[in-house]
Every structure is written in structure tokens, then in C-alpha cells.
1. Take the residues in segment B:229-248 that are surrounded by fewer than 20 Cβ atoms within 10 Å (Cβ to Cβ) and of a type in the set (A, V, I, L, M, F, W, C); name whichever of them is farthest from B:Asp123 (Cα to Cα).
2. Taking segment B:14-47, which residues are in contact with a strand residue (DSSP E or B) (Cβ under 8 Å, 6 or more places away or on another chain) and of a type in the set (Lys, Arg)?
3. Considering each of A:Arg215, A:Arg241 in turn, give the residue that is within 14 Å of chain B (Cβ to nearest Cβ) and either modelled with pLDDT under 95 or not in a helix (DSSP H, G or I) (or both).
4. Report whether or not A:Thr46 is in the same structural domain as A:Leu117 (by TED's automatic domain parsing), touching an Asp or Glu at 6+ places or on another chain (Cβ under 8 Å) and at pLDDT 90 or above.
5. Looking at B:Leu272, B:Leu226, can you tell me which residue is more than 7 Å from every other protein chain (Cβ to nearest Cβ) and buried (at least 16 other Cβ atoms within 10 Å of the Cβ)?
6. Have a look at B:Ala55, B:Ala75, B:Ala64 and point out the one that is at pLDDT 65 or above, of a type outside the set (Val, Ile, Thr) and buried (at least 17 other Cβ atoms within 10 Å of the Cβ).
7. Does A:Ala281 satisfy being over 29 Å from A:Arg11 (Cβ atoms), modelled with pLDDT under 95 and either touching a His at 6+ places or on another chain (Cβ under 6 Å) or in the same structural domain as A:Val192 (by TED's automatic domain parsing) (or both)?
8. Among the numbered conditions (1) within 14 Å of chain B (Cβ to nearest Cβ); (2) farther than 22 Å from A:Ala255 by Cβ, tell me where A:Leu7 comes up short.
Protein chains: 2
Amino acid sequence: MARLISLVEDRGPGLPAVAEALAPHTGRAHVVGVTGAPGVGKSTSTSAFVTALRAQDRRVGVLAVDPSSPFSGGALLGDRVRMSEHTTDDGVFIRSMATRGHLGGLAWATPQALRVLDAAGCDVVLAETVGVGQSEVEVAGLADTTVLLLAPGMGDGVQAAKAGVLEVADVFVVNKADRDGAEQTARDLRNVLAIGAQPGPGGWERPVLCTSAARGDGIAELVAALDAHRRWLDASGERIRRRNARAAAEIQAIAVEKVRAGIDDLRGADGLAHLARQVVAGELDPYRAADKLLGRVRPA
Amino acid sequence: MARLISLVEDRGPGLPAVAEALAPHTGRAHVVGVTGAPGVGKSTSTSAFVTALRAQDRRVGVLAVDPSSPFSGGALLGDRVRMSEHTTDDGVFIRSMATRGHLGGLAWATPQALRVLDAAGCDVVLAETVGVGQSEVEVAGLADTTVLLLAPGMGDGVQAAKAGVLEVADVFVVNKADRDGAEQTARDLRNVLAIGAQPGPGGWERPVLCTSAARGDGIAELVAALDAHRRWLDASGERIRRRNARAAAEIQAIAVEKVRAGIDDLRGADGLAHLARQVVAGELDPYRAADKLLGRVRPA
């Protein structure tokens, strides 16, 4: 699995063949996106969640995505330490993945890596991402179920989380519930959701849970909420709708990436340099130059 | 000009025809990128710089690019107020442009807008951008000459600016030089440059100037430094090298955008939805699906 995910990250030439071989084995795992601002306890929560799932003998994959870092593997060292109790358990697969500072890298590589963990027989795959800007919403688009973590005492945590991710999360967790203000944060959140709530088809009522992941409090309830959401996804037809939309976005991202790679192959070639000189000389406008360039690209 | 730049932002269908008509008239303007962290006085500096250029009867274009905002026109209201003394001068053209939160939007739309200002006969075009993350370096790639503004008393301003932009700037300005610490910041900067300096071909020695844009102090020296850099660019052949590289990047960005648009056109179509369903069912892998999709795309 580690080698397959590296292949995805490195965009190795063997990737399409591997994807073809994996395809019939995908579609079984429950993909859970876990997001939230730095410091809310994502890794501790993920680790506690893994422990609970393993107690039920479910196979678990964890993909820690760091969209802010071009460095892979060692990028989330602190998180790895927190996950260390699981590293000798062969029912758990943990992988950190960076998206290489590449535009669209999150959209492109993450679904492929999730597909590897799915095909490998994981019952649940946790996709954990640092909540930086747009990536929260992007990761939500990759998951069957999206969990947003908040913590009390982070100032205006609910306010800060408002932009986008409140709309896409399915389950809310106020972690560090042993701290002051947890109940207030949960109340604030419920109020915000009550005002802006748009329950999906079939009417999934989005729960707000309180946990203390470091102590293990509330984790059983979180597992139950995620299982309930999965049942709702199946019963309502929402799961297949989300998966179709996700696959469409994935196909598009791969297609754009293929063309981009085809264009990059021409970068060093005389063709592009010649077109550029014509544009600089005012003999050609950049749109016609782009058409000429595209005429030469053979998508791989 | 305002309508042409709106056409660029909106990616109107008439754009290629306009670009073709403009092409023979481009390549004359000196494009100066102005960047720096929020609060260093970019707009005040730009305004003072415009005043100095107008005193020499040079036509000036100002393009204020805000890569963080999807809102155009009114995005930089505060900046517009600062520029208000120039709004009735028909030798000055000022335009705010957002890049619509679109991946690659900065790379795509900004060169086209600069091209409009160039073709319109501006002697100098100032491209001012808020220094957020990667955009500083991107904007540097669009300019003949890149100016990095710093201010004293911004904590570790030199340190903060280190990531990328120190390497690409041609002229450094410590603004707000009437404040404590300006000389120290300039000294720190000169030390950093002396250690890491990589003078370009022909050996452009990158100056560190001190200005107080609000008082107009040091602006004449800044104009002189930018004119000196332009002469150096011409004499060394660096200007044509930069313009060729810029045109190549521009052609690539347009080509990728064309393909992306072509794919988006298929989004609603039955074709992509059908491919997505096959991927979800495990009948097709996403790479082969992308190939099938690309087979249907007609780049516009």
C-alpha cells in the first residue's frame, strides 16, 4: 500500500495500469473526512477513533493530507507520534501525504490514494486534513461523511469555521470538552446550524457531539454517529449521488492534469520557445499561440 | 481600457479577437511589479510613484491585483481612495482586478490585463499585488522589474519576506523611513542580500532604497533606480529573456485554461455523468475515464 500511494504521489508511469487493476475492488470503504483548524486535536481524535474501530475489529486506513506542505512522508511528524500506538497493528494503515504545492494537487492525488486504501480492504478510511483555507471544503468533497472538529476557547471558533465548511460538514465535534466553554461552543454551533441548516434529502439532522479525545470520552458516540450517517447515506441514495459527483470531479482533475503534463513536455521544446518569441515580437497573440500549442499536445 | 480589462476578467468570447488586434501594439511599456506584505505602504508608494512619473509627462497604468478576493472592481476600496488624486488625470489609468478565486487565475488573467495597458500606450505599468503567499513570486514573473517594499518595525520583516520573493526582487524599498528602525531594516536587508546575492547576467547590483512615500521622500531615487534597471535589462539582453519566458508561461496558462473550459462544458453532459457512474461501479478506472473524456473535448 505504501508503495502504491507513493506511486500516486509521484505520478509514476505505472499508475493507470494499477488504477485499472484496483477499480473492481473499490467502493466498499466508508470514507470519513476529518478537518478543523490547527490545535483542535485532529490527530488525537483520529487516534482515539482508530482505537474504537479496532476494538470492533474493523480495518482502518488513515490518510493525513497536508495541503500546505510540499514535503511528504515526514510532514506530519507530530501527528505520527500521536498515532504511534497503531503503527504495529496490521489492521491499521497510516500514511501522510503532501500535495507538493501543486495547484489542484489535493483534488488530483487524494482520491487516488483513498482508492488504494479502499481497494486494500479498509472498512473505514479517515482522511485527515489541516484546516487551511479552501482545503477543508475540498476534502469534504472527497468523503462520504465529513467531520468538523472544533475546540472551546479558540476565540470565535464557530465564526472562524463559518466560511464554507459549516455547510459541508455532516457531523460536528467539540473536542477538548473537559475545558471551559465546551458547552457554550456546542450551543453556539447548534444555534448557527439551526439558523442556516439545510438538511439534505431524507433530512439528515447534523449532530453536534462533545468529546475529549485525549481521555477517550465521547468517542463511542462519535463512532455511532458516523455509522448512523453511513446508514442514512445508503438509505437516502445520497451515498451514490456523492460518489458519482466525486468520480466526475476526479475524472476531470485527471484529464486537466494529463493536458498540463502534455504541455509541460513541450516546455523545453523549440515549439513553445518559438511561439513565445512570436508573441513578444507582436507577430502573434497569446490565444492563437495557445491554439497552436494545443495542436501539438498529445495527451498521454 | 476598462471594458477591455473587464473582458479579460470575464473571459468573454471576444477576447481572442481583441488579443489579436492588440498584439502588434504591445511590448513597449516598462512593467513594474510592486509587492510587499500588507501595511508596508504599497498603495501610498504607488500613488507617489505615479505622481513622480506624471511630473515627467509619462503615461502610467496601475493594475492592483488582489489574488485573495473573488470580488473585482471595488475590492481595493481603501487603495482607490489613496489613488484618488490621480483619477481625474487622463494620463493615468487605474484598475483593480481580482482573480476570482480561480486556481491559476493570477497567472491567466493578469498578463492579459497588462497587455491591454501596454497596448494602450502606457509608458510604465505598475502591477501592485497584496503580498500573500505564492502570489508575490507569481507577480514577479509577470514584470520586467520587481520592487519589494518593506517597512521598519514589522517585526522580522526581512525574515518574513525571505521565502522566495527576496530572490526574485530587483529593487528593494524600505518605506516609512521616517520611523524608528528603518536604517536597521535596510542594513539587515543588505546583509541578507550580500550573503545570498545572485546578481543576474551582466551583474545587476540590487539597490536597497529608503523612502517615505507619504512625504514623497526618496521617490525620485526610486524612479531613477527603476529607469536604471530598465536600461540594464535592455543592455544585458535580460529584458528579452524575461519577456520570452513570460510569454511562454502565458501561452501555457491559456492552453490549460482552454482545455479546462472544454472539460467544464462536458460537466453537465451525459458523457461525464456516465463515465462517473462506471467508475463508481468499478467498471472503469478514472485514468481510462479521463482518456475517454479528453477524446470528446474540443478545445475552444
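The values are calculated or read from the model by the stated rules, or taken from the named source; none is laboratory data. As the structure is a computational prediction, the values presented were derived from the model and not from experiment. Cβ placement follows ideal geometry from the backbone for every residue including glycine, while neighbour counts extend to all protein chains displayed.
1. B:Ala245
2. B:Lys42
3. A:Arg241
4. It is true that A:Thr46 is in the same structural domain as A:Leu117 (by TED's automatic domain parsing), touching an Asp or Glu at 6+ places or on another chain (Cβ under 8 Å) and at pLDDT 90 or above.
5. B:Leu226
6. Numbers: B:Ala55 fails: buried (at least 17 other Cβ atoms within 10 Å of the Cβ); B:Ala75 fails: at pLDDT 65 or above.
Checking each option against the conditions leaves just B:Ala64.
7. Spelling it out, it is not the case that A:Ala281 is over 29 Å from A:Arg11 (Cβ atoms), modelled with pLDDT under 95 and either touching a His at 6+ places or on another chain (Cβ under 6 Å) or in the same structural domain as A:Val192 (by TED's automatic domain parsing) (or both).
8. Going through the list (1) within 14 Å of chain B (Cβ to nearest Cβ); (2) farther than 22 Å from A:Ala255 by Cβ, A:Leu7 breaks only (2).
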